[in-house]
């Protein structure tokens, strides 16, 4: 067994947005690493029932599907209670993965649109953290992983809500990492990289997009190393290195302006 797999063996993990895409891949990969219990939390009951049944057929009794709308704090509390009972009193990992891409020109976005975006992409994770901390403190350890996006480091036109919510979540994550360090509770940000999931909707993913399983494998390896920010692919790695580099500002101004102009004309580019 390699070091990554050993980090998850015998552990209990919650994954929000766990019934599809990267969340499902995270849960299934941890099961392959011999995690003891996985709790998949999702609001899509159809997907949740199907995937829970499928995984329990392969990993008997190790998977619990919990209906949870992470934008509702009471839903998150109830899910956490069910997860603790299922996990024998422990929660070793919380992967705050639930989220959405949120597209649209800034001037067409209402306050209600912004509230919905922050409710899902930011407050959903905040509610999860708030609910799991007493459990992790009581057991003396734990690891919280917030799934952000490379958009936090590489903001693009027509993605103002996605950029802002994921940047806010990254800020929360990194500040909390040091606040909880001496309590033996680890906190990590992770980007999934450019990954083929339902988040793309009607947009064709770039040719270099990876599978959800590839993304999950890279995220879990970085989390096992307690990396501060896990970068889901090489494009995210390059983005975080260069986007805020003053020496690269002229290049990125030109590139991102070109992206903005093409998007305004109807060509969805990156």
Quiz item: Here are some conditions: (1) more than 19 Å from the chain's Cα centre (by Cα); (2) exposed (fewer than 15 other Cβ atoms within 10 Å of the Cβ). Residue 136 meets all but one. Which one does it not meet?
Solution: (2)
Quiz prompt | Failed item in (1) in contact with a strand residue (DSSP E or B) (Cβ under 8 Å, 6 or more places away or on another chain); (2) free of Cβ contacts under 8 Å to residues at least 24 places away in the same chain; (3) within 25 Å of residue 225 (Cα to Cα), with residue 2 passing the rest | solution = (1)
Quiz prompt | Cβ-Cβ under 7 Å pairs, at least 6 apart or on other chains, segment 221-240 side over 19 Å from residue 211 (Cα atoms), far side modelled with pLDDT of 95 or more and part of a loop (DSSP other than H, G, I, E, B) | solution = 240/231
Practice problem: Please find, within segment 242-270, the residue that is modelled with the lowest pLDDT out of those that are touching a helix residue (DSSP H, G or I) at 6+ places or on another chain (Cβ under 9 Å) and assigned to a helix (DSSP H, G or I). | Solution: 242
Quiz item: Do the conditions hold for residue 157, that is, is it surrounded by fewer than 18 Cβ atoms within 10 Å (Cβ to Cβ) and farther than 19 Å from residue 38 by Cβ?
Solution: yes
Exercise. Among residues belonging to segment 143-166 that are in a helix (DSSP H, G or I) and either closer than 21 Å to residue 108 by Cβ or free of Cβ contacts under 8 Å to residues at least 12 places away in the same chain (or both), point out the one that is nearest to the chain's Cα centre (by Cα).
Key: 166
Exercise. Count, please, the residues in segment 175-212 that happen to be at pLDDT 95 or above and surrounded by 13 or more Cβ atoms within 10 Å (Cβ to Cβ).
Key: 12
Quiz item: Do we find a residue being in contact with a strand residue (DSSP E or B) (Cβ under 6 Å, 6 or more places away or on another chain), more than 23 Å from residue 183 (Cβ to Cβ) and assigned to a loop (DSSP other than H, G, I, E, B) anywhere in segment 104-120?
Solution: no
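The values are calculated or read from the model by the stated rules, or taken from the named source; none is laboratory data. If you're wondering where the values come from, they're calculated on a predicted model, not measured in any experiment. With ideal geometry, Cβ positions are generated from the backbone for all residues, glycine too; neighbour counts draw on all protein chains shown.
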